[in-house]
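One structure below.
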Amino acid sequence: MEDETSARTDTEAEQARAVTRVALDGSASAMPVGPRRGALAVITLAAVLWHSLVAMYPYSGEGLPPMYGDFEAQRHWMELTVNLPPRMWYVESELNDLKYWGLDYPPLSAYMARLFASFAPPESVALVTSRGFESEVFRAWMRNSVIVADLLVWFPAVALFASTYATRRTAAERDETALFAVLVAMPCLVLIDHAHFQYNAVGLGLFVLSVALLLRDSLVPDALGCFAFCLALNFKQMNLYYALAVAFYLLGKASQRLRASGLAHAFTYLLILAGAVFVTFASVWWPWLGTWDDVRAVLLRVFPLHRGVYEDKVANAWCSLGLFYRPLRRVTPWACLCATLLASAPFCLSVLTKPDRRTFVLACAGVSLSFFLFSYQVHEKHVLLPLTAVTMLCSDAPWLSVWMNAVAMLSVFPLLDREGSSLAYVGSQLLNVCVHLFFFRGIDDSMPPSKSTSSSSSSSAAAAAGHRWRAVAVTCHIVACHAAYEFVRRLPCLIKRWPDLPTYVVTVSSFLHLCAMYVVLLRLLPRLPHAQRRYSSSAGTAEYSITEPQPLKLG
């Protein structure tokens with residue numbers, strides 16, 4: 001019996017230390033197997049049903065003239081792009097009043113609006129006369145357009161990422177299915193896109209696609225990953241929150257090539273990536289490259305620094321701390337930049353020195369959270385960026401994903417409450433917990449195995465107890481936050497003097513959670529496993545000395 005156990009242990013150890021060769025052209029045989037088609041199809045159908053149910057709630061600005069809301073903004077951009085030439089999309093004119101939902105997203109968003117406008121009812125996109133157009137048919141058409149965009153971009157990107165990001169060899173299929181399910185059901189994204197009404201999943205899908213490609217660790221996928229990430233930047237400028245993590249990850253991979261194969265090999269690698277970036281931006285921006293004035297007009301609309309440090313009440317440092325120290329509400333862009341770079345530095349340095357898959361995704365989470373907490377011109381919906389990256393780690397740290405999803409929804413609750421989506425919010429909070437628990441069979445599942453059965457059992461029990469206490473603490477805090485929100489808003493004496501006090505209760509609470517999340521992400525940096533990568537220029541392959549991946553420990 002002891003000999004069999006010893007032989008099994010030796011075999012597992014040998015497999016864990018096996019060297020895997022991956023051709024630089026991205027050999028299909030080296031790619032991990034994705035989730036079963038049946039499970040993926042069922043999850044997709046369930047997610048579409050969930051999205052459709054949420055879409056039955058009121059959208060932003062419904063029946064509220066003269067400006068309406070984000071629904072009208074998206075409709076108006078379709079109106080502009082289908083009736084005006086590209087050079088007039090971002091400039092003031094008699095036919096384009098920039099004060100009435102002027103286009104302030106990058107060109108790729110405008111191209112998508114132009115594409116959708118081609119299929120919209122003509123009366124809904126008539127120039128000027130269609131402002132405020134609302135009908136049951138058009139509402140259904142617009143709602144369905146978001147679902148179609150999800151199916152074309154978000155779902156395939158998540159499926160590719162799930163099939164690429166394998167975390168445990170012994171449960172790879174389960175992890176991939178769980179990753180797909182948790183990401184496509186991400187409640188905060190569903191509430192903002194399908195209730196409030198936006199197309200955030202398209203930009204986030206392009207980012208997830210770029211990560212899936214960059215994790216393939218070969219030249220062609222890296223170039224395609226740069227192409228996909230540039231498309232994400234050109235769809236919504238908020239994806240710049242990920243830019244530092246992506247840049248330092250690629251620099252880390254280039255430095256490994258430099259040490260292994262010399263300067264020429266590393267320079268060629270960077271040159272090809274730079275070419276992919278240049279071609280992508282030149283193609284997207286082509287209609288405005290004729291003159292600097294055209295480019296400047298687009299940039300001024302895409303980066304509206306004149307709007308201030310944040311919009312509405314957002315759970316970042318400047319808004320939350322500004323409640324107690326008012327000068328922080330007028331902080332300069334340069335101060336925000338310095339604070340953001342300082343907060344992002346540990347994650348950038350980590351992925352630069354250790355550019356493996358988990359460190360890369362963790363860096364995306366940490367850097368995007370740093371941008372949300374400290375950068376300039378932050379919107380409350382920008383919480384989707386750190387949320388997406390943290391959720392991408394859910395197979396490594398389910399508890400972290402549950403927590404981040406709950407806090408992200410809490411941070412946008414005042415927005416959803418104003419629009420009449422409170423019931424959808426409650427259902428989404430419950431769905432968040434249920435989906436994670438169902439696919440991960442308990443939050444303590446991610447604990448690594450131990451050499452001793454007794455010590456493994458005791459550590460798992462301790463971790464499970466710790467996770468339960470964390471869950472209870474977070475749940476109690478969120479419930480108390482909502483109780484305070486409802487209590488304060490029902491006191492006329494307070495509301496008359498401080499009308500935004502209920503919103504600040506939620507904002508400051510969410511900010512404290514996000515600060516704690518930042519600290520946890522910092523603590524996870526040195527605990528991440530990695531593969532030692534050695535490049536062989538003569539064989540044209542990349543060698544990996546793979547150690548068995550160990551899940552992240554939060555306790």
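The values are calculated or read from the model by the stated rules, or taken from the named source; none is laboratory data. This is a predicted model, so every value here is computed, not measured. Here the Cβ positions follow ideal geometry from the backbone for every residue, glycine too, while neighbour counts run over all protein chains shown. Areas reflect the complete protein model, heavy atoms only, side chains present, ligands, DNA and RNA absent. Shrake-Rupley method; radii C 1.70, N 1.55, O 1.52, S 1.80 Å.
Brief remarks follow.
- Dipole magnitude of the range 248-339 about its Cα centre (Cβ charges: Lys, Arg +1; Asp, Glu -1), debye to nearest 20: 340
- Considering every alpha-carbon pair of the range 51-174, the percent of pairs per 5 Å bin, from zero through the bin containing the longest distance, is 2, 10, 18, 19, 17, 11, 7, 5, 4, 4, 2, 1, 0.
- Rounded, prolate or oblate (a/c below 1.5 giving rounded, otherwise prolate when a/b exceeds b/c) for the range 109-246 by Cα gyration tensor: prolate
- 3J(HN,Hα) from dihedral phi, the range 502-507, Karplus parametrisation 6.51/-1.76/1.60, rounded to Hz, x for glycine, proline: x, 5, 5, 4, 6, 4
- Sequence ranges 405-412, 244-251, 331-338, ranked by mean other-Cβ count within 10 angstrom, highest first: 405-412, 244-251, 331-338
- Packing rank of 357-364, 370-377, where each peptide gets the mean count of other beta carbons within 10 Å, highest leading: 357-364, 370-377
- List 403, 154, ordered by accessible area with a 1.4 Å probe, largest first: 403, 154
- Heavy-atom accessible surface of the range 40-131: percent carbon and sulfur, 1.4 Å: 70
- Around residue 510: net Lys/Arg minus Asp/Glu count, Cβ-Cβ under 12 Å: 0
- Counting every alpha-carbon pair across the range 242-291, the share separated by more than 18 Å comes to 45%.
- Per residue solvent-accessible surface (Å²) - the range 70-133, probe of 1.4 Å: 42
- The overall shape of the range 70-133 is rounded: from the C-alpha gyration tensor, with semi-axes ordered a ≥ b ≥ c, the ratio a/c is less than 1.5.
- Nonpolar atom fraction for the range 187-287, defined as the carbon and sulfur part of the 1.4 Å probe accessible area, stands at 83 percent.
- Cα gyration tensor category, rounded, prolate or oblate, for the range 37-89 with a/c compared to 1.5: oblate
- Alpha-carbon centroid distance for the pair the range 258-326 / the range 68-145, whole angstrom: 25
- Near residue 271, once Lys and Arg are set to +1 and Asp and Glu to -1 for all other residues with Cβ below 15 Å from its Cβ, the sum equals +1.
- Whole-number percent relative contact order across the range 70-133, with pairs defined as alpha carbons under 8 Å at least 6 apart: 48
- Cα centroid separation - the range 417-434 against the range 210-256, whole Å: 33
- Taking amide H atoms as placed 1.01 Å from N in the peptide plane, the amide H of residue 378 lies under 5 Å from those of 310, 311, each 5 or more residues away in sequence or on another chain.
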